[in-house]
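Peer 1: Before anything else, here's the structure in question.
Each reported figure results from applying straightforward, stated rules to the coordinates on display, with no laboratory input. What you see is a predicted model, and the numbers here were worked out from it, not measured in a lab. For neighbour counting, all protein chains shown are included, and Cβ atoms are generated from backbone atoms with ideal geometry for every residue, glycine included.
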């Protein structure tokens, strides 16, 4: 971890246009995938696990976008 551990547990709302765009794209694609699974997968247990995996992937992707921005900001301020 290149940032202080506290930064991973702080809320960093998206403030830049670029970060908002990236979050929106990830969220949109995750929702599209979830909707496809909802239609195509009938087994409720598998569907539930797939939805949970999509939620996790979405959260970690958005966190990664945030960390990328925080690391870039730290480099620019150094």
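Peer 1: May I ask you to sort 12, 23 by Cβ crowding, counting other Cβ atoms within 10 Å and putting the fewest first? Please list the in-between numbers first.
Peer 2: On the way: 12 14, 23 17.
With the sparsest Cβ surroundings first, the list reads 12, 23.
Peer 1: Helix 17-40 versus the longest principal axis of the chain: what angle, 0 to 90°, nearest 10, using Cα atoms?
Peer 2: The helix 17-40 is inclined about 10 degrees to the chain.
Peer 1: Same structure, new question: Quickly estimate the mean residue ellipticity at 222 nm for the chain, helices only: each DSSP H run with n ≥ 4 gives -39500 (n - 2.57), and the total goes over all residues, rounded to 500.
Peer 2: Working: 2 runs with 58 residues, N = 78.
Mean residue ellipticity at 222 nm (helix-derived): -27000 deg cm²/dmol.
Peer 1: Defining a contact as two alpha carbons under 8 Å apart and six or more residues distant in sequence, what relative contact order in percent does the chain show?
Peer 2: Details: 28 pairs, mean separation 33.4, N = 78.
Relative contact order here is 43 percent.
Peer 1: Of [x] 156; [y] 83; [z] 94, which one was derived for volume of the Cα convex hull per residue in Å³ from the structure shown?
Peer 2: [z]
Peer 1: Which ordering of 32, 7 is given by a fewest-first count of other beta-carbon atoms within 10 Å? Don't skip to the end; give the middle numbers.
Peer 2: On the way: 32 10, 7 15.
Lowest count first: 32, 7.
Peer 1: Rounded to the nearest 0.05, what FRET efficiency do residue 54 and residue 12 give with R0 = 30 Å and r taken as the Cβ-Cβ distance? Could you check?
Peer 2: Taking R0 as 30 Å, the efficiency between residue 54 and residue 12 is 0.85.
Peer 1: OK, next. Given a 10 angstrom Cα cut-off, can you work out which residue in 54, 17, 37 is the most mobile in a GNM of the chain?
Peer 2: In this elastic network of the chain, the residue with the biggest mean-square fluctuation among 54, 17, 37 is 17.
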